Each structure stands twice: as C-alpha cells, then as structure tokens.
Amino acid sequence: MVNNTTTVKPHRSNVTRRKIANRIMLTLCMLASVAAVTVLGLVLFFLISKGFSSINVKFFTQLPNHVDEKAGGMSQSIYGTLVLLGLASVIGLPLGILGGIYQLEAKGKFASAVRFFTDVLNGIPSIVIGIFVYAVWVAPIAKLHPGTGYSAFAGGFALGIMMIPTIMRTTEEILKLVPFSMREASLGLGATRWRTMWSVVLPSARGGVITGIMLALARIAGETAPLLFTILGNEFFVTHKVYGIKVPTLTAPIDALPLRIYNYATAVDPEQQRMAWAGAVVLITLILVLSIAARAATRGKVLEEK
Amino acid sequence: MTNIASQDKQTPPALSRPVVNASAAATANRPDAKSKIVAKDVDFYYGDFHALKKINIVVPEHQVTALIGPSGCGKSTFLRTLNRMNDLIDGTRLTGSITLDGADIYDRSREVVGLRKQVGMVFQKPNPFPMTIFDNICYGPRIHGIRNRKLLDEVVERTLRGAALWDEVKDKLHKSAFALSGGQQQRLCIARVLAVEPDVILMDEPCSALDPNSTFRIEQLMEDLRGHYTIVIVTHNMQQAARVSQQTGFFLRGELREFDDTSTIFTNPSDEETEAYVSGRFG
Ligand SMILES: Nc1ncnc2c1ncn2[C@@H]1O[C@H](COP(=O)(O)OP(=O)(O)O)[C@@H](O)[C@H]1O
Ligand SMILES: [Mg+2]
C-alpha cells in the first residue's frame, strides 16, 4: 500500500512541461518587477519634468511670496519637516528601541499582549492618529487658550506615535540576529541582562537598528494626514531665544512639506501648482536620501565585522 | 497496512546497565587540596528531560579537573550549573546543592552577577565582543565599576600576559578583536575572564574550534594558570584531559560514572564503561 520506495520515472513530456512552466513563471516575476520600477520611473519623471524648473536657490531660502510667487520659496516647509522629524525621533526612538528590546527579552502574557497591540498600532491609518492627537491634545488646549493648540509639538507627537511600532519591530528583528554566544560571553562575566543588551547586543546590531530608524523616518517624512489636524501650517518661521540661541517655538503652528504640497496642489494659481511639484521633488529627494542612508548604515556594519 | 513507521520509532534495546554507580564515591584522592566546589545529589532537568542524575563531585582548589564523556552526556550542562548559566534557559530545574567555598550558589540570597564574576567561563567558540582588544578586556572590570584608565591599562597588560597573548597584540590593542586568529581570539576570551579576577574558570571544549598549535598554547596556558585558579574543563579529547588535568570525571547518559585522579581514570578505571570509553572502544 505504501509505495514510497518506488521511484517515479519522469515522463519526458512532463519534464518539458515543468521546464516551460518554470520559464513562464520566472518571466512573469521579472515583468512584475519591471512594472514596479517603471511606475517609480514614471512618478519621478513627472515630478521632475513638472517641478524641476521651479527649484532654485530661492525655493530653499525664501518664504512664500503671494505678490510674486516666483520670488517666493518653501524654506519654512523644509525647515518644518526637519523639525517635525526631529521631534518625532525624540518620542519614537527611545520608545521604539526600548519597546523592541522588551519584546525580545520578555516572554509571557503581557509581552504577547504588547506585541499584539503594537501590530494593531502599526495598522492604524495615519489619519486616525491625526484625529486622536487632535482630540487629546490640540482641541483641549484650544479650549483652554483660544487661538492656540495647533503646534509643532502636536505634529511631532503624531508622527512619533507612527514611528514606534515600526522601530519596535525592526529593532526586535535585528537584535534577534545577534548570536546568543555574544550574550553568554557578557552574562558570563557577571553583566546584568540590561548591561549586556546596552553594551554588547545593541552595539553589535547598530547598523541594523539605524537602518530601521532611517526607514521609519523615510516613512513618516511624507505623511500628510496626521499633520492636517495638528500643525495647521505656517508661512513664517516662529522662533524664540533660549540663552541667546534661536530655537524653534514648538508650541506654535509650523509648516511641513507634505502639507504645503497638499495646499498648493489644490490651489487655483498655476504658479502655486508648480511650487507643489517642486516641493514634491524635494520631499522625494529627502526620502531617497534617508533610504540610501539606511542602506549605507547596514553596509558599514558588514564591513566592520570583517 | 504496513507498520514500518511505528517500528522505526521503537527505541533500541537499552544498553547494559552499569554494574557500579560510581557517583556516590566521586571524590578524588587528594586529601591535601582544599575542596572548592562541592556538588551534592544534583539533578537537572530541561523541562521533562532529566539531563543530570544524582551528580556528586568535589572539585579541588587550584587544580585542573577534566570532564569527559560522549556527546550529549551532560558535560556542558553540568559545567553550566556551576555558574548558573542554565538559568538563562526557560523551563530548567535543579535539585540538590552546589556549594562554592562552602556557600550554596543556588541560595535565594545569592546574586548571580557576583557568582559569575567569581566563576568565569570560556566557551567552545571564541566569542569576542565587536570592540577593540582593549575594550574586550576592560568590559568586565568596567561593569564591575573600574573606571580609572591607568588601572585598566595595567589590567589589560597583566591579563594579556597571563593569557600568553601580550607580545602578539601589544601594538594593536585598539584594533578590532575580530582581526585576531581563532586561537588568539580564544586566548583573548581567557584574558577577558582573567580580568574580572575569578577564582574558578570553566572551559567548555575551549580548543575544539582551534588548530593544533593554538590548542597547544592553550594547554600550556592552563598549566600556568593552575596555581592561581581552579579550572574545570570539558573536553572531547581524551589525550587533552590526560595532559592537562589532575582529576577526571567520566559522564555517561547524565550520570557521573567515575571520578578520580586522572592517572587512575586512564590507567586503572573501576567502571567498565569508563574503561571502554578511555580505551576508545566507544564514544
Ligand atoms: N537547552 C536545552 N534544552 C533541552 N535539552 C538540552 C538543552 N541543552 C542540552 N540539552 C540536552 O541535554 C543533554 C546533555 O547535553 P550537553 O550537556 O550539551 O551534552 P555534552 O556537553 O556532554 O555534549 C543532551 O541530550 C542534550 O540534547
Ligand atoms: Mg557540550
């Protein structure tokens, strides 16, 4: 009845059929990736052809000029995006990395509950996070002090929340790759688990952790929805001085590239529409730089190990 | 329906059971040496798996004690009970007692961090940290609170000399430890252990990943270290056990079948299976 010792003689046409199927599937895979790259190429082509002519020095140095749009720029949006990324990192990095370490080290009911909720958090649409921050932060403050509420801080907070699950997950996955022998060596010398994590495991995985951070930043840099309800937008720099040093005022509304692109792209003024394309080129470039930095971080690590 | 599958699963007939259980008498005849580690009726479990059975052993101070036996007999497991490295594995359980200088190391009040400082470990595969040679050595002293640069410099030189590595690496202390050869890395790992000033050094097949020349150097090193440290070494290699140790314990299927002076184990063992093993008839 059981006949697994008999070898099935391959039938000739069967082999040919399998070979053909193999060819077809490989070709399909290749075509699919060509399609993906083509779409990316088309997007970049449109962006550049429409926006490149509006990119000049003024674009990076000037504020919007509604009398002569051509003389204006988006410096406050670029600056705003950088400030927001910084703020989001201040919230997202420590929580994400510590959370990732916790996921790796802890077992049990609570840990798996945390894992489940971070997966859920990861799946929450960004607009919902925007509404959430609006409801718990922006609206209450606006109620207390009419005219305030929208702020750089609120936007950074929303983006920071979005970073947490991504960084947690990548950190955990990367730390898992550090050989157990490395931990044993440290624990065997009398180090605590935390010390082992901080001084040995985390540094060994440094490149990968940085890659995760860069990818998370690249992801949130282009987010618009969470900013709609939180930063309001601003056509000026708002700063104040702390010990004589100019710092951004985090409690004031701030601008961001994606939000400015959204506003300009839907405007009637063709000059503003061109500015929107130019802003998109700059935004894509920023994301590209972050992605390249992400790859470079991992590459650096590999070299170092050798 | 054929029944091949279920036949395959049947366990082979049990090997002949031991005639004598040597574990009760497992104390080497060294009345002059102070006992450093005493294990009493130690049973150890990985979940339901009974990995160590009623182990009794007395490890004398400032000597090399070798643990031999076929693969999977529990040598590493036993070694790792001595610095509580098995605590890291979920679902493990130990009964009986193990004392170090008379104090129970599994006592509730015992700090495992302090124990591991006192009982250092060298692993089978060299496992330097991804740092410089200097920082590798200083890792231990630093976690135990030494910050003074001059003191650390001294520790690095002293331990690297102690591990017979100083001359080879003194000009590249601030280079990555990964740049060293396997044998050098293992000596670095020994130096790293010496830097926390342990009393006992556990070595789990420290030479099995090394070439003969590096093996020779590490064996020499053990001889040099013996006067100051109590060394317990697990080895696959019976010649090595014979060369480096004063006591030898033979493990088989989770039991310590025989423990005696190395010369006795290799020339005149009392247990049949010990004799079969040391004469190369199995394992
Ligand atoms: N982490 C573990 N979980 C379950 N069983 C283990 C584990 N480590 C070792 N064992 C089992 O315990 C027995 C003894 O293993 P070990 O002490 O490593 O043997 P040795 O070092 O003598 O080769 C083996 O049967 C092995 O399969
Ligand atoms: Mg072993």
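Right, residue A:160: open to solvent by less than 30 Å² (accessible area, probe 1.4 Å) and at positive phi or not? Show your work before the answer.
Working: open to solvent by less than 30 Å² (accessible area, probe 1.4 Å): yes; at positive phi: no.
Criteria not met by residue A:160.
Quick check on this structure: which one of B:194, B:202 is within 16 Å of ligand 2 (Cβ to nearest atom), surrounded by 18 or more Cβ atoms within 10 Å (Cβ to Cβ) and within 12 Å of another protein chain (Cβ to nearest Cβ)?
Values: B:194 fails: within 16 Å of ligand 2 (Cβ to nearest atom).
Just a single option satisfies the conditions, and that option is B:202.
If the condition is being part of a loop (DSSP other than H, G, I, E, B) and not polar (S, T, N, Q), then region B:180-221 contributes B:180, B:195, B:196, B:197, B:198, B:199, B:205, B:206, B:207, B:209, B:210, B:211.
Of everything listed in (1) surrounded by 12 or more Cβ atoms within 10 Å (Cβ to Cβ); (2) modelled with pLDDT of 90 or more, the single unmet condition for residue B:48 is (1).
Listed here are the residues, each with its yes/no results for (1) within 15 Å of residue B:193 (Cβ to Cβ); (2) open to solvent by less than 50 Å² (accessible area, probe 1.4 Å); (3) part of a loop (DSSP other than H, G, I, E, B); (4) more than 16 Å from ligand 2 (Cβ to nearest atom).
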| position | (1), (2), (3), (4) |
| --- | --- |
| B:66 | no, yes, no, no |
| B:72 | no, no, yes, no |
| B:77 | no, yes, no, no |
| B:87 | no, no, no, yes |
| B:95 | no, no, no, yes |
| B:109 | no, no, yes, yes |
| B:126 | yes, yes, yes, no |
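Of the residues A:230, A:170, A:192, which is of a type in the set (Ser, Thr, Tyr), open to solvent by 20 Å² or more (accessible area, probe 1.4 Å) and more than 10 Å from chain B (Cβ to nearest Cβ)?
Values: A:230 fails: open to solvent by 20 Å² or more (accessible area, probe 1.4 Å); A:192 fails: more than 10 Å from chain B (Cβ to nearest Cβ).
Being of a type in the set (Ser, Thr, Tyr), open to solvent by 20 Å² or more (accessible area, probe 1.4 Å) and more than 10 Å from chain B (Cβ to nearest Cβ) holds for just one of A:230, A:170, A:192, which is A:170.
Yes or no, residue by residue, for (1) part of a helix (DSSP H, G or I); (2) among the hydrophobic types (A, V, I, L, M, F, W, C):
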| position | (1), (2) |
| --- | --- |
| B:223 | yes, no |
| B:227 | no, no |
| B:239 | yes, no |
| B:242 | yes, yes |
| B:248 | no, no |
| B:251 | no, yes |
| B:260 | no, no |
| B:265 | yes, yes |
| B:275 | yes, no |
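Looking at this structure, is residue A:223 without any contact (Cβ under 8 Å) to a residue 60 or more places away in the chain, away from every other protein chain (no Cβ under 14 Å) and under 23 Å from the mean Cα position of the chain (by Cα)? No; evaluated as a whole, the condition is false for this residue. Entry remark, region A:266-279: residues being open to solvent by 20 Å² or more (accessible area, probe 1.4 Å) and in contact (Cβ under 8 Å) with a residue 12 or more places away in the chain number 5 in total. From the residues in region B:94-129 that are more than 16 Å from ligand 1 (Cβ to nearest atom) and of a type in the set (Phe, Trp, Tyr), which one is nearest to the other protein chains (Cβ to nearest Cβ)? Checked region B:94-129; the qualifying residue nearest to the other protein chains (Cβ to nearest Cβ) is B:129.
Could we say that residue A:63 is more than 11 Å from residue A:278 (Cβ to Cβ), touching a residue at least 12 places away in the same chain (Cβ under 8 Å) and either of a type in the set (Phe, Trp, Tyr) or in contact with a Phe, Trp or Tyr (Cβ under 8 Å, 6 or more places away or on another chain) (or both) here? Answer is yes for this residue. Can you find a residue in region B:231-251 that is more than 17 Å from the chain's Cα centre (by Cα) and on the phi < 0 side of the Ramachandran plot? No: region B:231-251 contains no residue that is more than 17 Å from the chain's Cα centre (by Cα) and on the phi < 0 side of the Ramachandran plot. When you check residue B:91 against the structure, is it within 16 Å of ligand 1 (Cβ to nearest atom), surrounded by fewer than 22 Cβ atoms within 10 Å (Cβ to Cβ) and not polar (S, T, N, Q), yes or no? Yes.
Flag: residue B:147 does not match the condition of being under 25 Å from residue A:106 (Cβ atoms) and in a loop (DSSP other than H, G, I, E, B).
Can you pull out every residue in region B:72-88 that is at pLDDT 90 or above and within 12 Å of ligand 1 (Cβ to nearest atom)?
Filtering region B:72-88 down to residues at pLDDT 90 or above leaves B:72-86.
Of everything in region B:72-88, those that are at pLDDT 90 or above and within 12 Å of ligand 1 (Cβ to nearest atom) turn out to be B:72, B:73, B:74, B:75, B:76, B:77, B:78, B:79, B:80, B:81, B:85, B:86.
The values are calculated or read from the model by the stated rules, or taken from the named source; none is laboratory data. None of these values were measured; they are calculated from a predicted model. Cβ atoms come from the backbone with ideal geometry, glycine included; neighbour counts cover every protein chain shown. Heads up: the accessible areas ignore ligands, DNA and RNA and are worked out on the full protein's heavy atoms, side chains in. Shrake-Rupley method; radii C 1.70, N 1.55, O 1.52, S 1.80 Å.
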